[in-house]
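What follows is a set of notes on a single structure, which appears directly below.
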Amino acid sequence: MASEPKTLQEAIIYFADPGNCVSYLVARRWKDGVVCPACGSKNVAFVASRRLWQCKTRHPKAQFSIKVGTIFEDSPITLDKWLLAMWMLANCKNGISSYEISRATGITQKSTWFMLQRLRLALQGEDGGKLSGQIEVDESFIGGEGRNMHADVKARKIQGRRGPMGKAIIAAVLERGGRVRAKVVDRRKKKDLQAFVREHVEPKSALYSDALKSYEGLGNEYAHEVIDHAEAYVRGQVHTNGLENFWSLLKRGVNGTYVSVEPYHLFRYVDEQAFRFNNRKDMDDSDRFDLAVRQIVGKRLTWAEVTGKVGETARPN
Ligand SMILES: [Zn+2]
């Protein structure tokens, strides 16, 4: 068996072998031995000719593939293509569009769009606790006209989710030298932005914001300092320049690579960029891919869910 890939080129060659796809995934999902996703039994036999496992316990769905219980479940798309798309999504700084994946793999654009939405679900990270230390908070407007959405869906999904000129609002907090948390918010009201800060930032942390009135009052819980952008952008430690880097990456992805992102789907692109941003240091492409692959388990997103026909569900493995 070849050693695990370090570059995109190596990944294409490595994952062209279906056996390598399975062994790569098994090593991350079931490092202590394969477990039946239906009943939890370890008494399973590998059917090598079909790359399936047979659970020895009698129950429905006793035969299962590596895809069962992951974002790949029920997908007819082969793992080489799934993993190639994951490699690119986890590592391309500005994201990768469904059109590019479609051209690279020969899969239809509609299918690759759905693939990417499912892969983005995997990139939604584990929480890892509140941010602490020196924190920047800011909010930004991002384009997202709901052009292609059916009018009644649009009205339902977007109502209230609009800033100036029909743009969506993203709130973000950044731990200097560390992680970012970002979220699509309905409004820039005090109630919404302060709730977002409290959800993600340890009390008593140093907090830097601009002079937006919505942040007034956070000084009771945080060492809050304000930089009034009408006067200056930096006053010693007091600035939000760390977040500017995140905003520019997010905007390059959403406005450049993806061209038209429906506001309803915007949070997935925000999560995708946050994943790359939070894993930008001390990691190479193979590390980021590895981490993303570890997050495929226990998540599903159906076509009905992704198109907003029914609510999303997370289910345990
Ligand atoms: Zn079983």
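Worth pointing out:
- Neighbour count of at most 16 Cβ within 10 Å plus DSSP loop: longest chymotrypsin sites (Phe, Trp or Tyr not before Pro)-free window in the chain: 31-232
- For the range 29-38, 3J(HN,Hα) computed residue by residue from phi via the Karplus equation (6.51, -1.76, 1.60; θ = phi - 60°) reads 7, 10, 5, 9, x, 5, 10, 4, x, 7 Hz, glycine and proline entered as x.
- Fewest-first ordering of Ser75, Ser98, Ser209 by other beta carbons within 10 Å of each residue's beta carbon gives Ser75, Ser98, Ser209.
- Alpha-carbon Debye profile of the range 184-317, log10 I(q)/I(0) at 0.15, 0.23 Å⁻¹: -1.04, -1.40
- Between Ala304 and Glu244, residue separation times 0.36 nm minus the direct Cα-Cα distance comes to 18.1 nm.
- Secondary-structure-derived ellipticity at 222 nm for the chain, considering helices only, amounts to -10500 deg cm²/dmol, per-run term -39500 (n - 2.57) for DSSP H runs with n ≥ 4.
- Global geometry of the range 1-114, whether rounded, prolate or oblate, following the gyration tensor of its Cα atoms and the 1.5 cut on a/c: prolate
- Annotation note: GluC sites (Glu not before Pro) in the range 59-141 located in DSSP loop regions with a Cβ neighbour count of at most 15 within 10 Å are Glu126.
- Dividing the Cα radius of gyration of the chain by 2.2 N^0.38 Å, with N the residue count, gives 1.10.
- Within the range 65-101: backbone nitrogen closer than 19 Å to the Arg51 label point (7 Å, Cα to C-beta): 65-88
- Each label point was placed 7 Å from the Cα along the Cα-to-Cβ direction; for Asp282 and Glu221 their separation is 2.9 nm.
- The value of relative contact order for the chain, using C-alpha pairs under 8 Å at least six residues apart, is 21 percent.
- Ellipsoid equivalent to the range 60-118 - semi-axes via the Cα gyration tensor, in Å: 23, 12, 9
- Cleavage-rule hits (trypsin sites (Lys or Arg not before Pro)) in the range 178-252: DSSP loop, at most 13 neighbouring Cβ within 10 angstrom: Lys189, Lys204
- Taking a sphere under 15 Å around the Cβ of Leu79 and counting the other residues whose Cβ falls inside, with K and R at +1 and D and E at -1, yields a net charge of +2.
- Straight Cα distances below 18 angstrom link Lys56 to the lysines Lys42, with same-chain residues fewer than 8 positions distant left out.
- Rounded to 10°, Cα long-axis angle of helix 285-294 versus longest principal axis of the chain: 80
- Antiparallel DSSP beta bridges within the chain, as percent of all bridges there, nearest 5: 70
- Sparsely packed trypsin sites (Lys or Arg not before Pro) within the range 1-58, loop by DSSP, other Cβ within 10 Å at most 16: Lys6, Lys31, Lys42, Arg50, Arg51, Lys56, Arg58
Each reported figure results from applying straightforward, stated rules to the coordinates on display, with no laboratory input. The shown structure was predicted, so the numbers you read here are calculated from the model rather than taken from an experiment. Positions of Cβ are generated from backbone atoms using ideal geometry, with glycine treated the same way; all protein chains shown enter the neighbour counts.
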